[in-house]
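Single-structure report; data block below.
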Amino acid sequence: MQPTKAPRRPAHLWNWLGVVPFFLFAALFLILPTMQIVLGAFRSPDGGLTLANLRGLFTPNIMASYMISIKISLASAIMGCVIGFCIAAAVTLGGLPRWIRGPLLTFSGVASNFAGVPLAFAFLATLGRLGLVTIVLRDWFGVNLYATGFNILSFWGLTLVYLFFQIPLMILIITPALDGLKREWKEAALILGATGPQYWRMIALPILFPALLGTFALLFANAFGAVATAIALTGSSLSIVPILLFAQIRGDVLGDPGLGYALAFGMIVVTGVANAVYVWLRARSERWMK
Amino acid sequence: MNRVWSWLALGVGLLYFFLPLLGTLEFSLRKRKGEYSLDAYTAVFADPAFRATLGYSVGMALLTIVFGVLLVVPTAYWVRLKLPRLRPWVEFITLLPLVIPAIVIVFGYIRLYNTSSFLPLTGSASGTNLLLMFGYATLALPYMYRAVDTGLRTIDIGTLTEAAQSLGAGWVTILGRIILPNVLVAVLSGAFLTFAIVIGEFTLAALLNRPAFGPYMQLLGANKAYEPAALAVIAFAITWACMGLIQLVTRFSNHTRVNA
Amino acid sequence: MTFLSISHLEKSFGANRVVKDFNLPIEKGEFVSLLGPSGCGKTTVLRIVAGFESPSSGSVTIDGQDVTGLRPNDRNIGMVFQAYALFPNLTVAQNVAFGLKVKGVAKAEAEARVAEMLRLIGLPDLGGRYPYQLSGGQQQRVALARALAVRPRVLLLDEPLSALDAKIRVSLRSEIREIQRELGITTVFVTHDQEEALSMSDRVVVMNGGIAEQVGTPFEVYNRPTTRFVATFVGTLNLFEAEADGQGLRIAGVPVRLPEAVEAARGGRLSVALRPESLHLGGGEVTLPATVEAVEFLGSILRLRLRVAGVLVALDTFNRADAPPPALGRAVEVGFSARDLVVLNG
């Protein structure tokens, strides 16, 4: 035993002491509540282990809710990624004047945070039965929007609304990644004989892939967990999973606490799987990184 | 050719984003039959519940910011200085709230901190307020941590700390008078973002039954026609103000740095 | 036989004319450097040859074919960029094979070519590495291999060494030049480093303000600069004010008889220049009094700072172990030959 080791010991402990508040907070208000849900999903009312709660999920109604939730999240994430990417690419690489960037990024910051209840109001006021766009289409163009089968309280309606925060979020995240594409890469590809599309397929998209993938996973989780917008928009007429869970917690329906746990656990599983796929794909696509 | 497509992409984007804002603004002015007026806004501002709930949410936002700064700045600093190996773990934890839906987290709170639990926070109003504040801090954690950690990356905290220590400063002094001022811009950015998130938050407040601005808006939306549009305009203005302030502090700090 | 011809090239960005009536015929297999300070237009000329910029007027011809309107990917030119332009998501071998792949070269042939190129640059075993696993010098060699793999008609080098450490820069210079000679490929090299330009090139084009100030071999450009800019930009130079009196010059009152080769001015004041290595301690054909102000020991060279006729001048002499430098403040004589004088016009 070396004498110098003794005084180092408390210093080491002291180091760990510095992060105790953070880990305590994370444990109490992030980890334990989540664990509570996971465990609750497998616990029967009398405290025993059971799969009955999860089995309760496999009714046509609840399965349909998960399906529509996943579909909306996928649709709004895919469209958010594609459209956001196009706008970000237009501004960073498309030869638009540079002054557009600053305002666009600021606006994206605002719009990506303008979610929830007011966003629903905004779309109701615009595309609702008395909304500005509905009226303008009717009075000026003779188009009755609602006669075409459009309904803001529907799959496409909700997707359209979600895009209002999905697209800006994509722009915010992907713009720095696009800035990271060196001009020399494109020029080197061109002078070696590649066409523009070849450059994108073989060089730019593979380089951007991890960032695109991460953003997609984030957008998916973002849409999947969104409660406020959907409730303010549809009341409870569109039964997506978060609305179902919300009602369940409020005690409005179902009246089965075990099923609430199972619903919430199902949400964790979906976002968890989405992120596991992301991590796996990312690890595969990042071999060329440090 | 390329440029035409770029303008097209931008134009379609602008149309999509400005129509709802324009529609909301127009709708909010329609309360009086046959002419535009500010009646909806007058009605909203005259509603005592509006002031009460907005005041409550502003208070909660400020508390959340204070707590978040006290939690995140020392942690991020300490991890960078003394426990760099721990960084991936801390980062992972701070990103979890982006993955686990808020409604799941609050559901966990309700079950974990009910009146018969080891920490019966939901048993009293003040306890529930505290729980709500912790919940908000959790939601804001990814943004706050990333902002502060990015800010810390730009300064050499090791050298600054040793310099301060050699002059006899203690930890509180180092954090409060050396580190915090140096990452103030990052902290303020995180703070304004937190404010924007908390002020309109619905799920946590509704499920914990607190009289916050988010549930108030939702209630109004279910019962009134034109006032919700006015509320949306106000909420948008608040969000815009928060983002504008972030821009402002960032730009201001750049100026002082250039002049220095 | 001119292989690459750049004629009457003009390029303006808005009201800013960055290249003005630039003409340069280049022989097949020749190594030509464009040398100049940043903003002199050298990179713009290179980018026009590559096809990344289109000229305001003028033309570029390669092997008799006018390529001015051709897109970069149709020109069959190789290019090496300033720094780290390797594709980070591809391995070394995939990087080198990229041009062959997009051209649709058969796989077996492409693999053989990649192996040949990696041997050429002396990195035969690194084909499986990713760029981040290579040093800067290795990366630039791979970039060279990538550019050469498609057997381009012309090789363009855009400051390929400026991002590297000093030692690697020097060793890579001769390596690039060797490979260029071996392949006999026509090469245009852009640099702001006069040492690089002088040591590597067959011919040097000194550029300033968008025009070619002088075109010549490194020997000509260094020893017989035709303009004041070339004289001062290339190498170190001592400037003297002189008076012409019809038969010769007077420098600090000392008469200097000029050889016929150096055209005497018709009278009045003018500037003459001398390289530090043209001066020597002790008397000579022309002798001036001086005082030693500083001594810089540069290894094989000893650089003395002397005050001559009120002007501070540099004098280079070889280091010799048996001849220690003169003490500071000592009065000495410096001599030079009138043949080495450069009379600067404009």
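For the reader, a short list of remarks on this structure follows.
- Segment B:178-205, subset within 8 Å of chain A (Cβ to nearest Cβ) and in a helix (DSSP H, G or I), residue farthest from residue B:162 (Cα to Cα): B:203
- All strands (runs of 3 or more DSSP E) inside segment C:170-222 with 2 or more residues being open to solvent by less than 20 Å² (accessible area, probe 1.4 Å) and of a type in the set (S, T, N, Q): C:186-191
- Enumeration of residues in segment A:194-205 that are closer than 13 Å to residue C:95 by Cα and assigned to a loop (DSSP other than H, G, I, E, B): A:194
- Any hit, segment A:142-160, residues being within 27 Å of residue C:87 (Cα to Cα), touching a Phe, Trp or Tyr at 6+ places or on another chain (Cβ under 9 Å) and not hydroxyl-bearing (Ser, Thr, Tyr): no
- Across segment C:282-323, the number of residues qualifying as assigned to a loop (DSSP other than H, G, I, E, B), in contact with a Gly (Cβ under 9 Å, 6 or more places away or on another chain) and under 30 Å from residue C:248 (Cα atoms) comes to 5.
Let's see how each residue does on (1) in contact with a strand residue (DSSP E or B) (Cβ under 6 Å, 6 or more places away or on another chain); (2) over 30 Å from residue B:110 (Cβ atoms); (3) open to solvent by less than 60 Å² (accessible area, probe 1.4 Å); (4) within 11 Å of another protein chain (Cβ to nearest Cβ):
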{"position": "A:48", "(1), (2), (3), (4)": "no, no, yes, no"}
{"position": "A:56", "(1), (2), (3), (4)": "no, no, yes, no"}
{"position": "A:63", "(1), (2), (3), (4)": "no, no, no, no"}
{"position": "A:69", "(1), (2), (3), (4)": "no, no, yes, yes"}
{"position": "A:78", "(1), (2), (3), (4)": "no, yes, no, no"}
{"position": "A:91", "(1), (2), (3), (4)": "no, yes, yes, yes"}
{"position": "A:107", "(1), (2), (3), (4)": "no, yes, yes, yes"}
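- In segment C:99-112, the residues that are away from chain A (no Cβ under 13 Å) and part of a helix (DSSP H, G or I): C:107, C:108, C:109, C:111, C:112
- Residue match in segment B:57-74 (condition: touching a Pro at 6+ places or on another chain (Cβ under 7 Å) and closer than 28 Å to residue A:221 by Cα): yes
- Cβ-Cβ contacts under 6 Å between residues 6 or more apart (or on different chains), taken from a first residue in segment C:128-156 that is without any contact (Cβ under 8 Å) to a residue 40 or more places away in the chain and on the phi < 0 side of the Ramachandran plot to a second residue that is open to solvent by less than 20 Å² (accessible area, probe 1.4 Å) and in a helix (DSSP H, G or I), are listed as C:129/C:92; C:137/C:172.
Residues are listed down the side, and each one gets a yes or a no for (1) among the basic types (Lys, Arg); (2) open to solvent by 10 Å² or more (accessible area, probe 1.4 Å):
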| site | (1), (2) |
| --- | --- |
| C:84 | no, yes |
| C:109 | no, yes |
| C:113 | yes, yes |
| C:116 | no, yes |
| C:155 | no, no |
| C:164 | no, yes |
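- Residue count for segment C:147-166, restricted to those that are of a type in the set (D, E, K, R) and over 24 Å from residue C:38 (Cβ atoms): 2.
- Residues being under 14 Å from residue A:228 (Cα atoms) and open to solvent by 20 Å² or more (accessible area, probe 1.4 Å) - total across segment B:190-199: 1
- When we screen A:26, A:52 for residues that are in contact (Cβ under 8 Å) with a residue 12 or more places away in the chain and either open to solvent by 20 Å² or more (accessible area, probe 1.4 Å) or within 13 Å of another protein chain (Cβ to nearest Cβ) (or both), the only hit is A:52.
The values are calculated or read from the model by the stated rules, or taken from the named source; none is laboratory data. Here the structure is a predicted model, which is why all the values come from computation and not from measurement. Cβ atoms come from the backbone with ideal geometry, glycine included; neighbour counts cover every protein chain shown. Areas reflect the complete protein model, heavy atoms only, side chains present, ligands, DNA and RNA absent. Shrake-Rupley method; radii C 1.70, N 1.55, O 1.52, S 1.80 Å.
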